[in-house]
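This report concerns only the one structure given below.
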Amino acid sequence: MPAYNEAERIRQAMDRVLALDFVAELIVIDDGSLDGTPEIAESIEDSRITVIRQPMNQGKGAALRTGFAAAAAPYVAVHDADLEYDPADIERLLGPLRDGRADVVFGSRFIGSDEHRVLYYWHSVGNKILTTLSNMATNINLTDMETCTKVFRREVIQSLDLREDRFGFEPEVTAKIAIAGHRIYEVGVSYSGRTYAEGKKIGWKDGLRAVYVIGKYSRAAGRLQNRWRS
């Protein structure tokens with residue numbers, strides 16, 4: 001659970017995760033918060049909790065790299081501290097992993113009949129464009145590349161050489177999973193997005209970075225495929 005300046009939400013976010021009986025560990029990575037987020041996280045008493053403090057704000061991708069390295073459970077789920085996603089949905093994402101069909105499961109906001117808060121039109125357009133570009137670069141058919149809810153076999157996520165520090169994590173991890181040939185499934189999830197006034201952090205610059213990241217790792221994919229052919 002990466003967290004940056006989420007003092008108003010971190011306790012509720014952690015409580016919702018810890019209420020799930022299948023959760024073996026909860027690793028909270030504080031990304032240099034200035035509002036007391038790590039102190040609140042550390043005040044919650046539960047043997048499953050590990051709180052790691054980043055020395056300065058580096059971005060979601062950097063925080064996740066730290067969390068992935070510390071994970072010990074068989075399956076690793078990414079769940080943000082902003083209350084936009086319901087952690088109870090993770091149990092359904094675990095299904096294809098537990099029965100051996102998948103190596104990675106994405107939680108899609110665009111399939112299924114789960115509840116969704118109605119928000120920004122242009123965000124949804126941007127998401128679909130980025131997902132389409134990612135699919136073209138990787139030759140897979142995801143509906144929601146930018147989803148924050150993802151579950152991995154631990155050995156899969158720990159085997160990836162991830163570099164992106166901010167929200168470029170999403171297209172980077174997608175490309176590297178596809179290049180490696182891991183089996184990917186999607187499961188519908190609910191979504192209660194928040195507004196910028198409520199603390200939403202991703203912006204248009206992150207969208208431009210995502211386009212760059214998609215292009216960067218698609219070139220890497222092409223070089224790798226050429227080596228295989230030779």
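Estimated purely from DSSP H runs of n ≥ 4, each contributing -39500 (n - 2.57), the mean residue ellipticity at 222 nm for the chain is -13500 deg cm²/dmol once divided by its residues. Candidates 126, 218, 110 compared by Cα position along the dipole of the stretch 2-229: farthest toward the positive end lies 218, with charges placed on Cβ.
Near residue 26, the amide H atoms lying under 5 Å from its own belong to 49, 50; only residues 5 or more places off or on other chains count, and H is placed 1.01 Å from N.
Backbone amide hydrogens, once placed in the peptide plane, bring residue 191 within less than 5 Å of 115, 116, 117, excluding anything fewer than 5 places away on its chain. For residue 32, the residues whose amide H sits under 5 Å from its own are 54, ignoring neighbours fewer than 5 places away on the same chain, with H placed 1.01 Å from N. Judged by the mean number of other Cβ atoms found within 10 Å, the most tightly packed of the peptides 3-11, 94-102 leads the ranking 3-11, 94-102.
Shown for the stretch 2-229: lysine pairs separated by 8 or more places, or found on different chains, whose C-alpha atoms are under 16 Å apart, numbering 6. Rg of the Cα atoms in the chain, relative to 2.2 N^0.38 Å, amounts to 0.98.
For the pair residue 132 and residue 44, a Förster radius of 30 Å applied to the C-beta separation gives a FRET efficiency near 0.15, rounded to the nearest 0.05. If you add up the charges near residue 81, with Lys and Arg at +1 and Asp and Glu at -1, over every other residue whose beta carbon is less than 9 angstrom from its beta carbon, what do you get? Charge balance near residue 81 sits at -2.
None of the figures in this text is laboratory data; all of them are computed from the coordinates on show. It should be emphasised that the depicted structure is a prediction, and the values quoted were computed from it without experimental measurement. So basically every Cβ, Gly included, is an ideal-geometry build from the backbone, and we count neighbours across all protein chains shown.
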